[in-house]
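S.K.: Dropping a structure here in C-alpha cells format, bear with me for questions.
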Amino acid sequence: MLRSPLAQIQRANRSLGDQLVRAASSVILNLAEGSQRRGADRAHFFRIAAGSAAEAQAALEAAEALGFVEAAEIAAAADRFDQVVAMLRPQTR
C-alpha cells in the first residue's frame, strides 16, 4: 500500500519520505517486540506502535496537503494506519 505513494513522496521530498519509512517500520518492529512482552512492558511497545502509526498517517496527510500525492493514492494506507491505531487503543492502557 505504501510502495507507490512512498516513491512519489521521496521524489518530491526525501526527508518526508524517509520519515514515513521510519514511522511505518517502527509500527511493525514495535508490534513484533510488544507481542513478546508482558504487562506494562507490552503496553509500552504497543503505545509506541500506535504513535508511529499516527505519525505515518500524518506524513501521508502532509504529503497530500503539499501536493506530492493525491488523496486516492494514499487512502488505503491511511485507512490501514487508522485501523492499527484503533486496534491498539485498548492495548495501550
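S.K.: With the requirement that a residue be buried (at least 17 other Cβ atoms within 10 Å of the Cβ), of a type in the set (A, V, I, L, M) and touching a residue at least 40 places away in the same chain (Cβ under 8 Å), what does region 46-63 give you?
M.R.: Scanning region 46-63 gives Ala50, Ala59, Leu60, Ala63.
S.K.: Starting from region 64-93, take each residue that is under 15 Å from Ala50 (Cα atoms) and list its partners that are basic (Lys, Arg), counting only C-beta distances under 7 angstrom and pairs at least six apart or across chains.
M.R.: Thr92/Arg47
S.K.: Also: Tally up the residues in region 66-93 that are modelled with pLDDT of 90 or more, open to solvent by 30 Å² or more (accessible area, probe 1.4 Å) and of a type outside the set (A, V, I, L, M), please.
M.R.: Residues meeting the conditions: 8.
S.K.: Do you know which of the residues in region 12-40 that are in a helix (DSSP H, G or I) and either at positive phi or among the basic types (Lys, Arg) (or both) is surrounded by the most Cβ atoms within 10 Å (Cβ to Cβ)?
M.R.: Among them, the one singled out is Arg22.
The values are calculated or read from the model by the stated rules, or taken from the named source; none is laboratory data. Remember, predicted model here, so these are calculated numbers, not experimental data. Heads up, the Cβs are rebuilt from the backbone with ideal geometry, glycines too, and the neighbour counts pull from every protein chain shown. All accessible areas refer to the heavy atoms of the entire protein, side chains included, with ligands and DNA or RNA removed. Shrake-Rupley method; radii C 1.70, N 1.55, O 1.52, S 1.80 Å.
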